[in-house]
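The block underneath contains the structure these notes are about, expressed in structure tokens.
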Amino acid sequence: MSTASHPSLLAPTEKVSAEQLETDRRILAFERSIQHINRRGFLGSMMAAAALATVGVGEARAQASVPITDVLNFALNLEYLEANFYLYASTGTGLSSSLNGGGAAVQGAPGKLPLDANTLAVCQALAQDEVDHIADLRSAITSLGGTPIPQPVINLAANGTITTQAQFIAAARQFTALGGSAYIGSAQLLVSNPAILTTASQILGAEGQHAGVVNYLAIAQGIVSPAIDGQDIPPSATNLFTADAVHALSPLRTPSQVLGVAYRVSSAGTINPPSGVTLGGFFPNGFNGNVKST
């Protein structure tokens, strides 16, 4: 364990360990990425305070709060994407209007795919879980007096038309990697509401199980699923989990980093996408809600 011998980047009068110094650096990088969104009127000045609160530095500086309904609506965009993907792959039909909030159409949707029995069973289970997550998020948003966003325009063929089992598994692996990291990045924005934080944590737990089974399918079937950005670690026969080898932690993606992948302006090697991108890739018209710009 390192001794507290380094000046903190967040509280210069305090000494911190090398591990805490690295955490300080990550927090500052996180704050800078959020500033792109701040300029579009979303988060204001809350992010630095929220991040500091998570490491116990300057508790009095953590007074501002993020609109939790905006955080949940941000996640709802991704749940619409995943639910439609698994539903089309397993049934040939996407979310009904009652489930997608009367939202927009899905483009590039595959027909029902020729999946083997095991893969189909996984796909069906994933579809049901994502439908349930949509209901969970919509209920939470409504309970806070907010309005759940309707489904945005989604293009499931943004990374190419999916027609085979191998393509399905490769895409599912990428979607699970993105969705899980988005919930990790949002956790510290929900600390002011323990009930909502608990719900989000339970969804994250389910997303972790999704990633595990999809990773296993990819490894067992010898399927290569390319990295979605510079933080992603695709599974392989020698790398069973997509956690970093040093700390065994899953990636945390900021809203900007999530949008960079969703809009397909990030790729292998990219950590932070260009700023100011508001649409593209899987979301031709952008995310619905207040968080939509990298």
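The values are calculated or read from the model by the stated rules, or taken from the named source; none is laboratory data. Just so you know, these numbers come straight off a predicted model, no measurement behind them. Don't worry about glycine lacking a Cβ; one is built from the backbone with ideal geometry, like all the others, and counts go over all protein chains shown.
Quick notes
- Yes/no for residue 83 being in a loop (DSSP other than H, G, I, E, B), in the same structural domain as residue 261 (by TED's automatic domain parsing), modelled with pLDDT of 95 or more and aliphatic (A, V, I, L, M): no
- Considered as a group, the residues in region 255-294 that are of a type in the set (A, V, I, L, M) and either over 13 Å from residue 75 (Cα atoms) or over 14 Å from the mean Cα position of the chain (by Cα) (or both) include one that is surrounded by the fewest Cβ atoms within 10 Å (Cβ to Cβ), and that residue is 268.
- Number of positions in region 135-184 that are of a type in the set (S, T, N, Q) and not in a loop (DSSP other than H, G, I, E, B): 9
- Conditions (1) hydrophobic (A, V, I, L, M, F, W, C); (2) surrounded by 22 or more Cβ atoms within 10 Å (Cβ to Cβ); (3) under 15 Å from the mean Cα position of the chain (by Cα); (4) assigned to a helix (DSSP H, G or I): number failed by residue 187: (2)
- Within region 100-131, restricting attention to residues that are among the acidic types (Asp, Glu) and assigned to a helix (DSSP H, G or I), the residue that is surrounded by the most Cβ atoms within 10 Å (Cβ to Cβ) is 130.
- The combined condition, being surrounded by fewer than 20 Cβ atoms within 10 Å (Cβ to Cβ) and at pLDDT below 95, is fulfilled by residue 209.
- Members of region 88-99 that are touching a strand residue (DSSP E or B) at 6+ places or on another chain (Cβ under 9 Å) and in a loop (DSSP other than H, G, I, E, B): 94, 95
- The C-beta contact set for region 66-85 (first residue without any contact (Cβ under 8 Å) to a residue 60 or more places away in the chain, second residue among the β-branched types (Val, Ile, Thr), distance under 8 angstrom, 6+ apart or interchain) comprises 83/131; 83/134.
- On the stretch given as region 154-168, residues that are among the aliphatic types (A, V, I, L, M) and within 14 Å of residue 87 (Cα to Cα) total 3.
- The residue that is surrounded by the fewest Cβ atoms within 10 Å (Cβ to Cβ), counting only those in region 212-252 that are in contact with a Gly (Cβ under 7 Å, 6 or more places away or on another chain) and small (Gly, Ala, Ser), is 230.
- Some residue of region 211-221 being touching a strand residue (DSSP E or B) at 6+ places or on another chain (Cβ under 7 Å), assigned to a helix (DSSP H, G or I) and more than 25 Å from residue 72 (Cα to Cα): yes
- Number of the exception - residue 203 against (1) under 19 Å from residue 142 (Cα atoms); (2) under 13 Å from the mean Cα position of the chain (by Cα); (3) free of Cβ contacts under 8 Å to residues at least 40 places away in the same chain: (3)
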